[in-house]
Amino acid sequence: MKRLPGFLYVLVFILALGGTAAAQSGNATVSGTVTDSSSALIPGVSIKATNTQTSVLSATVSNEAGVYSFPSLQPGVYRVSAELPGFQTHTFTNVQLGNAQQVRLNFVLQVATVAQSVEVSVAVDTLLATSSSSVGTVLNENSVRELPLLGRDALELVNIMAGFREPVDPSNSNARTGPNGGFVAGISVAAVNTTRDGISVNDGRYNLGVFSATHINPDLVGELRIILAPVDAENGRGSGQVQIMTRSGTNRYNGAAVWNIQNTALNANTWNNNRTGAVPNWFNRHQLSVNYGGPIIRNKTFFFVLYDGQRMWSREVVRATVLTDAARNGNFRFFGNVVNGNADAIPSSGANPVAPVVDHLGNPLSVAQIQASITAAGSSNTVTPMQTISVFNRDPNRPGFDPTGYIQRITATMPQPNDFTGGDGLNTAIFRWNRRGDSLICSSICQQGLEDDVNRNQINVKVDHNFNTNHKFSVNYTYERFTATGQRGAYPGKEDEWYSQTTRKPQVITSSFVSTLTPTIVNDVRFGMRRAWSRSPYPYDEESTKDEVLAFLPNVNSYPVLFNTMPINVANNILNPGNNTNANTSTLWTLADSLSWTKGKHAFKGGIEGRW
């Protein structure tokens, strides 16, 4: 490379600027000038940047304009020194470099003997960019680990960072729940890009906002940064950006283990549950993580591994709508001149007054009781006695039950009502029971991965290798598998055995290769892959239940038919039309290259990035 003509450097630089998208980089930049006590610029000064945790050394030389640059240093804590014979060695210590950070350190060398040196301790606030127009907030490794996190997901910390505002709807306060999940600097989180080690890890199929395809355990994070505005072109897309830098191994062997248990049996019951005698929802969540890192070859090759697991057990109070005995036989009952209400209905007035028509045991009230309730509410209607009308033979094409036998099969598996505070009391009521399982949130479809209460296994492996002072390589891989039971039945028994088992298997790979080609040219190649894989099969598509479910359904000419049985949500709607098996594989490949070139007093940087 040293023998290449100068115009070839310019050609490479122009090609680097010709990309269709700006390359993203998670590495930091340190640059500055070297002068003497009279402010004269000094060329040929040896500048060394040493990572104090790994002892990995990067070196460069100030050019003819007294300018030096380290355009791609791995984030960490550094000791940066300037040496020249006849001058005191000047050293900046405790230089903390963050993700995609730009720091300027200017050296002033004093004439002295070789034995003399000057050390300057750099304040921690150098984590804030000193050469960038971006505005944001940074949480370092210790802050991420020590701040309390209920779900053990580092992205939850976005909620407490400056510039983030929760949604107007307080019931939707999770920062990861898409366009309604909050705002960053006034911008919906749907427009925020989430990157990990410079590679985008947003979901490729849904706008989920501040989201990572894989769970981000706090012990995996070396730094968490939220950029409000503007995002540097180097850092790629998004009106705002959440940048995650993963941890690396050091020259010391370090490990940690966390076992976190949340059991709602220790929580206070609600007033209404105490009033009705209802058993509250319950879950027992165990979160376990173990990490270990250190040197493979001291000062040269390092590793970091982390396992993150979670197990869920839950018990959910289900209030399923069921038919009363009369309705199961096709007999519809009602009182005239009043809207029939359940035992907890509040009497009202007007042309169509509402009144409870049954007691809490399901026994019909007398006309006098119902009349008294609506009269007290201000209604002048006169209640007429209860009538019973059969739904059969009113239409000559409907002389009896459905000839396929499907309705009879539904009513045969339907339990008797035990709660008359729902439905209309006379024809529909509630069967209340405790359904056991794993996820509570995933009782409806949980394909997108926004749920916290799932069963999860995740493994992370990172390796950093330094070939020499000019060439450094890093690769990080994460594989995750989570399962959750969704679309479970509304009643115990057969329908409860027909459920949807959601499975997700996301993967993330990030890697970089940094090469110092000449003292003035540094190249950084990055490769990454984010793959989101999920499948939520419905019972008629699941091999273990398919034959049984299809035999339960009605059929026409041997073809199974799905149809609504409203207002009764059979088996929690899992057999009704509109519900179908969901599965997708969304893969994003990223290849990027950035080139840094220092010429005189000027530093140039350009890049190209391709995404497939």
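Restricting attention to the stretch 388-433 and to residues that are within 24 Å of GLY362 (Cβ to Cβ) and of a type in the set (Gly, Ala, Ser), the residue that is farthest from the chain's Cα centre (by Cα) turns out to be SER390. Here THR585 does not qualify as of a type in the set (Ser, Thr, Tyr) and modelled with pLDDT under 80. For the stretch 85-117, the candidate set comprises residues that are at pLDDT 90 or above and in a loop (DSSP other than H, G, I, E, B); within that set, the residue that is surrounded by the most Cβ atoms within 10 Å (Cβ to Cβ) is LEU105. When you look at VAL279, is it at pLDDT 95 or above, of a type in the set (A, V, I, L, M) and touching a strand residue (DSSP E or B) at 6+ places or on another chain (Cβ under 8 Å), yes or no? It is false that VAL279 is at pLDDT 95 or above, of a type in the set (A, V, I, L, M) and touching a strand residue (DSSP E or B) at 6+ places or on another chain (Cβ under 8 Å).
Would you confirm whether or not the stretch 214-225 contains a residue that is among the polar types (S, T, N, Q), in contact (Cβ under 8 Å) with a residue 40 or more places away in the chain, on the phi < 0 side of the Ramachandran plot and touching a helix residue (DSSP H, G or I) at 6+ places or on another chain (Cβ under 9 Å)? Yes, the stretch 214-225 contains at least one residue that is among the polar types (S, T, N, Q), in contact (Cβ under 8 Å) with a residue 40 or more places away in the chain, on the phi < 0 side of the Ramachandran plot and touching a helix residue (DSSP H, G or I) at 6+ places or on another chain (Cβ under 9 Å). Residues in the stretch 60-76 that are at pLDDT 90 or above and either basic (Lys, Arg) or surrounded by fewer than 20 Cβ atoms within 10 Å (Cβ to Cβ) (or both): VAL61 alone. Restricting attention to the stretch 293-323, the residues that are open to solvent by less than 10 Å² (accessible area, probe 1.4 Å), farther than 30 Å from GLN408 by Cα and out of contact with any Leu (no Cβ under 7 Å at 6 or more places or on another chain) total 8.
Residues are listed down the side, and each one gets a yes or a no for (1) surrounded by 16 or more Cβ atoms within 10 Å (Cβ to Cβ); (2) touching a helix residue (DSSP H, G or I) at 6+ places or on another chain (Cβ under 6 Å); (3) not polar (S, T, N, Q):
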| site | (1), (2), (3) |
| --- | --- |
| ASN418 | no, no, no |
| ASN427 | yes, yes, no |
| LEU440 | yes, no, yes |
| ARG456 | yes, no, yes |
| THR469 | no, no, no |
| ARG481 | no, no, yes |
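If you filter the stretch 358-399 down to residues that are without any contact (Cβ under 8 Å) to a residue 12 or more places away in the chain and under 30 Å from LEU562 (Cβ atoms), you find that the one that is surrounded by the most Cβ atoms within 10 Å (Cβ to Cβ) is ARG398. Taken over the stretch 492-519, the residue count meeting the criterion of being open to solvent by less than 20 Å² (accessible area, probe 1.4 Å), over 30 Å from ASN460 (Cα atoms), at pLDDT 75 or above and not in a strand (DSSP E or B) is 1.
State whether the residues of the stretch 223-231 include one that is within 20 Å of the chain's Cα centre (by Cα) and surrounded by fewer than 21 Cβ atoms within 10 Å (Cβ to Cβ).
no
Only residues that are free of Cβ contacts under 8 Å to residues at least 40 places away in the same chain and either surrounded by 15 or more Cβ atoms within 10 Å (Cβ to Cβ) or not small (Gly, Ala, Ser) (or both) were counted in the stretch 238-292, giving 20.
Taking the stretch 442-454 as the range and being of a type in the set (D, E, K, R) and either at pLDDT below 80 or open to solvent by 20 Å² or more (accessible area, probe 1.4 Å) (or both) as the test, the residues that pass are GLU451, ASP452. Would you tally the residues in the stretch 31-77 being within 32 Å of the chain's Cα centre (by Cα) and in a strand (DSSP E or B)? Number satisfying all stated conditions: 6. Regarding the stretch 465-477, can at least one residue be identified that is in contact (Cβ under 8 Å) with a residue 60 or more places away in the chain and under 25 Å from VAL549 (Cβ atoms)? No: the stretch 465-477 contains no residue that is in contact (Cβ under 8 Å) with a residue 60 or more places away in the chain and under 25 Å from VAL549 (Cβ atoms).
The single condition from (1) modelled with pLDDT of 90 or more; (2) over 16 Å from the mean Cα position of the chain (by Cα); (3) part of a strand (DSSP E or B) that THR250 fails is (3). Within the stretch 400-412, if we keep just the residues that are hydroxyl-bearing (Ser, Thr, Tyr) and surrounded by fewer than 17 Cβ atoms within 10 Å (Cβ to Cβ), the residue that is nearest to ASN557 (Cα to Cα) turns out to be THR404. Within the stretch 419-427, can one find any residue that is modelled with pLDDT under 95 and within 30 Å of GLN501 (Cβ to Cβ)? Yes, the conditions are met somewhere in the stretch 419-427.
Looking at GLY489, is it at pLDDT 85 or above, buried (at least 21 other Cβ atoms within 10 Å of the Cβ) and part of a loop (DSSP other than H, G, I, E, B)?
no
The values are calculated or read from the model by the stated rules, or taken from the named source; none is laboratory data. Remember, predicted model here, so these are calculated numbers, not experimental data. Here the Cβ is made from the backbone with ideal geometry for all residues, glycine too, and neighbour counts use every protein chain on show. Side chains included, ligands, DNA and RNA excluded: accessible areas come from the protein's heavy atoms. Shrake-Rupley method; radii C 1.70, N 1.55, O 1.52, S 1.80 Å.
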